[in-house]
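Report on one structure; see the data block that follows.
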Amino acid sequence: MNYFSYFSEIEDTFIRRRGKHLMLSPLDWALIESWKERGVPLHVAVRGIEHAFDSHQAKQRKRSVKTLLYCQEEVEAQYAEWLDTGVGSNEEKAEDSGREEKSPFPRDLVLAHLGRSLRDLTTVYDERRSQEDELSEALSRAIALLSEIKEDYATAANPDARKLEDSLTGIERLLDDAIRAAITDTELESISSEIESQLKPYKRHMDKTAFAQTRDNLMLKRLREQFGLPRLSLFFISV
């Protein structure tokens, strides 16, 4: 991940989560530069921004986020925790192996899942890169982020599956937004009508929120399958 990609990826994540375009201020750019100079990994900074917006939405605050400074505290917290996972990586191997047994998945199984996901994303990207659209760009960024995450997880003294899942969720959100932009209105309407018809027998037995969530989940599932995108979440690990 080169110098300029670091800045642009953080800027895009902030703008995407905010929901509408907003130019970053000189202070925001200075903040990003300070993260870069201190060695904050890109995937850690991105995860911190995602967390900050998730928290903001969960609290249903009326004021919108106008500056990247809003995310600073969460990014710092994520970075501090990331530093803890790497302390004594060479000295704690034996002790670490005992801790890994308490993790939901062994490290080698997680790494195999990340490796498969990278290969699948790369295959889709290679088939689509000539189109140079929003999805091909998102795939390129997802591959770079996932490569960094995989390397980080492989070398961490105390790998954190929960933090990993948060990072994978952020990448899936990036790709989900891109495939929505890549699908034509005609295709989207056709798929939507099909899903509505499929769910019609159950609609009167579900409240509006549950129905809308189920419909959206089915829509994303269908779109991911259409574009050949793998599921990155640890819930889809092949044991």
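The values are calculated or read from the model by the stated rules, or taken from the named source; none is laboratory data. From a predicted model like this one, the values you see are computed outputs, not experimental measurements. Neighbour counts run over all protein chains shown; Cβ positions are idealised from the backbone, glycine included. The protein model used for the area step is the full one, side chains on, heavy atoms only, and it has no ligands, DNA or RNA in it. Shrake-Rupley method; radii C 1.70, N 1.55, O 1.52, S 1.80 Å.
Residues in the stretch 204-237 that are open to solvent by less than 30 Å² (accessible area, probe 1.4 Å) and not in a helix (DSSP H, G or I): L229, P230, L232, S233, I237. Looking only at residues in the stretch 114-170 that are in contact with a Pro (Cβ under 7 Å, 6 or more places away or on another chain) and over 19 Å from F227 (Cα atoms), the one that is most open to solvent (accessible area, probe 1.4 Å) is E148. Here I179 does not fit the description of being open to solvent by less than 50 Å² (accessible area, probe 1.4 Å), over 29 Å from P106 (Cβ atoms) and at pLDDT below 90. D185 - would you say it is open to solvent by less than 20 Å² (accessible area, probe 1.4 Å), of a type in the set (D, E) and either within 27 Å of E74 (Cβ to Cβ) or without any contact (Cβ under 8 Å) to a residue 60 or more places away in the chain (or both)? When the stated conditions are applied, D185 does not pass them.
Residue-by-condition table, conditions (1) buried (at least 16 other Cβ atoms within 10 Å of the Cβ); (2) under 20 Å from the mean Cα position of the chain (by Cα); (3) at pLDDT 90 or above; (4) of a type in the set (A, V, I, L, M):
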position	(1), (2), (3), (4)
N2	no, yes, no, no
R18	yes, yes, no, no
W29	no, no, no, no
R63	no, no, no, no
G86	no, no, no, no
